[in-house]
1. Within the stretch 143-156, which residues are closer than 18 Å to residue 208 by Cβ and of a type outside the set (Val, Ile, Thr)?
2. Got a number for residues in the stretch 331-345 being surrounded by 15 or more Cβ atoms within 10 Å (Cβ to Cβ) and either outside any loop (DSSP other than H, G, I, E, B) or modelled with pLDDT of 90 or more (or both)?
3. Out of (1) outside any strand (DSSP E or B); (2) within 26 Å of residue 218 (Cα to Cα); (3) at pLDDT 95 or above, the odd one out for residue 141 is which?
4. In the stretch 150-168, how many residues are surrounded by 22 or more Cβ atoms within 10 Å (Cβ to Cβ) and of a type in the set (A, V, I, L, M, F, W, C)?
5. All but one of (1) surrounded by 22 or more Cβ atoms within 10 Å (Cβ to Cβ); (2) modelled with pLDDT under 90 hold for residue 275, so report the exception by its number.
6. If a residue has to be hydrophobic (A, V, I, L, M, F, W, C) and at pLDDT below 80 to count, how many in the stretch 152-194 make the cut?
7. Which strands (runs of 3 or more DSSP E) does the stretch 1-103 wholly contain that include 1 or more residues that are farther than 30 Å from residue 453 by Cβ and either touching a helix residue (DSSP H, G or I) at 6+ places or on another chain (Cβ under 9 Å) or modelled with pLDDT under 85 (or both)?
8. Among residues belonging to the stretch 408-439 that are more than 29 Å from residue 379 (Cα to Cα) and hydrophobic (A, V, I, L, M, F, W, C), point out the one that is modelled with the highest pLDDT.
Amino acid sequence: MSRSDVEPGNDRRIPPREARATLLRRNHGFFLYLRGGRRMARRSHLTEIGCIACDELAELGAGDREGWLDDPSLLAALHSYSLAVASAARPLVLVLGWDPDRRSPSSPRHPVKIHPSLSPSDGRITALEWLPFGDLLALALGTSSGLLLVYSVGGDLIHKQFVHPGRVLRLRFRETESKGGFAQDSVSEELCVVLPGVVARFDGTDIQSLLRRWLQEAGSRMWENSRHKLESEDEISYGNIPFQLWNVGKFGNCSDAAITGVKPPPLLELQSSQRYYGAVTVGDNSVISAYRLSEDRSRSLVGTILSKVVPVTFSTIASFSKLIWRSEQSATRKSHPTSQPFAKASPLTCLKDPPRKGEKLTLSPSGTLAAITDSLGRILLLDTQALVVVRLWKGYRDASCLFVEMLVNRDKASSSSRCYEYTKSDYCLCLAIHAPRKEIIEIWKMRTGPRLLTIQCPKGSKILQPSTRFVSSSQTPYIPLEVFILNGDSGQLSVLNRCVV
C-alpha cells in the first residue's frame, strides 16, 4: 500500500477505494478535504482585496470593543479602492484606500482626514455617499439640519447647500442605463436625498458641471482665498444646484426612500414635456408606500401654498416686528434659508400592517426590484413596476440586503476557454442577506430561486457596495454588481466571488 493511503496523524490504514473518495473532516477548526490520500483546503467564497487597519481609525472608536463597526452612528461608503468612514458623534470623515497593484494588500495608503466645519445650527453628519463621474470623484455629506456638503477626495470643501429643514436620512447615488434610439444606450446619474417625508433629486449633469468648474478654479492661486472665505462666511461660491423636491409624507414620515426611475404618465392625462418618476418609501406608519413624482410644480397644491402664501405671511410678520421692536440688528442678521416649493407627488399605494415598521430599502440595478427590511425581522421583495410583494423571508432581525450578480454553474464555460469573457446574460441576479445575529451571509437567487450559498462572517462585519459599477460599453467586458464584506475588527476587506457551483 502506498504512502498516500495512510491518513496523516493516524496509523490506521485506509482502503484504496475509500482514499479516492471525498471525505470531509474537521482538524483544528478548519475544514479539510481528502481526495486520493491528499488534503485540500476548502474552497473559499471570499477573496481578500485589502486592509484598512490604521491608527487613525481609533478616532472613530476602533479597538474600544469587539464589533465597533456595528455602532449606528458610524457611516461607511465604498468606492473603487476607496472607503469613507464617518462618525455622527464627531465631525470627522476618514478616506481610506489601498493599492490594488501591490502583492501584499495588508498596508493601506495614507488616510485623509476631513473635518467639516459645522456650527451648532448645521447639525451633525447623518449621511455619506460617493459621487463618481468617471475621472471626477467627490464625497457628499448630509447633516441633521438638511444641509448637503460636497468635499473633494483631498478634503477641500467644494459646495454647501441647504435642501430642506430636517434630518438627511439617506444619500443615494444611482447610475441608470436606458435604451435609446438606433440601439444606443444612454447613461444618466442622479443623487437622491431622503429626509423625513421629503425626497429631493439632483441631476448628475448639474453636479458634474459644478465639479468641473471647481477643478478649473483649483488651479488658480485665488482659489485658496475663496475656499477660506467659503468656510468662514458660510456662503456658496457657485450658487445652488437645481433640484426637484417632493412631499412624500402623506402616510407619515419615511425612514428610507428611493427613486426607482422614470415612470409613464397617468392615464387620461395630456402628454407634456414633463417627466414622471416613481418613488418607494418605507416608514413607521406605512411599511411600503409608492408615489408618482412630477416635475411640474404648478400642479402641486402644497407647492402653491408655500410659494405664495408663506412668503407673504413672513413678510407681513417681519414688517410688524420692525414697527414694534424698531431693532436694527435684526435687519443685519442673516436670514435662515427658505425651503424650495414642492412638486406634485401622487400616492399610488400604501401597505399598513401595525405594529410592523419599514426600516431599510435596497434597489436592484435596474430599479425594478426593491428589498425592504422591517421591524419584525422580515424581508419583502417588492416589484416596483407592479407594486406587488413577490417574495417574503422571515427570521432576519437587523438584516442588511444588497443585490449582487453571480455566475451560477458556469465552470464549464470557463474551462473550455481560458480567455472567455462573460456577458450580461451569463450572470444571474441574486440577493445577499447579511444576518448579523446569526453571523452569516446568505445568497438567494431572484426572483423565486433557491438559496445558493451560506457564508460565515465574524461579528462586527458589514456588507458594502459601490454606488456605481461603471456601466461597461461594447468595447469593454461586462462588469457585474459585486458585494464587499468589511471585517471591522481585523480591517480586512473581501469581495464575494462571482462563481457559484
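The values are calculated or read from the model by the stated rules, or taken from the named source; none is laboratory data. Keep in mind that this is a model prediction, so the values were computed, not measured. Positions of Cβ are backbone-derived with ideal geometry, glycine not excepted, and every protein chain shown enters the neighbour counts.
1. Matches in the stretch 143-156: 148, 149, 151, 152, 156.
2. The number of residues fulfilling the criteria is 5.
3. Evaluating residue 141 over (1) outside any strand (DSSP E or B); (2) within 26 Å of residue 218 (Cα to Cα); (3) at pLDDT 95 or above leaves (1) as the failure.
4. Of the residues in that region, 3 qualify.
5. (1)
6. Looking only at that region, the number is 3.
7. 82-87, 92-97
8. If we take residues in the stretch 408-439 being more than 29 Å from residue 379 (Cα to Cα) and hydrophobic (A, V, I, L, M, F, W, C), then 419 is modelled with the highest pLDDT.
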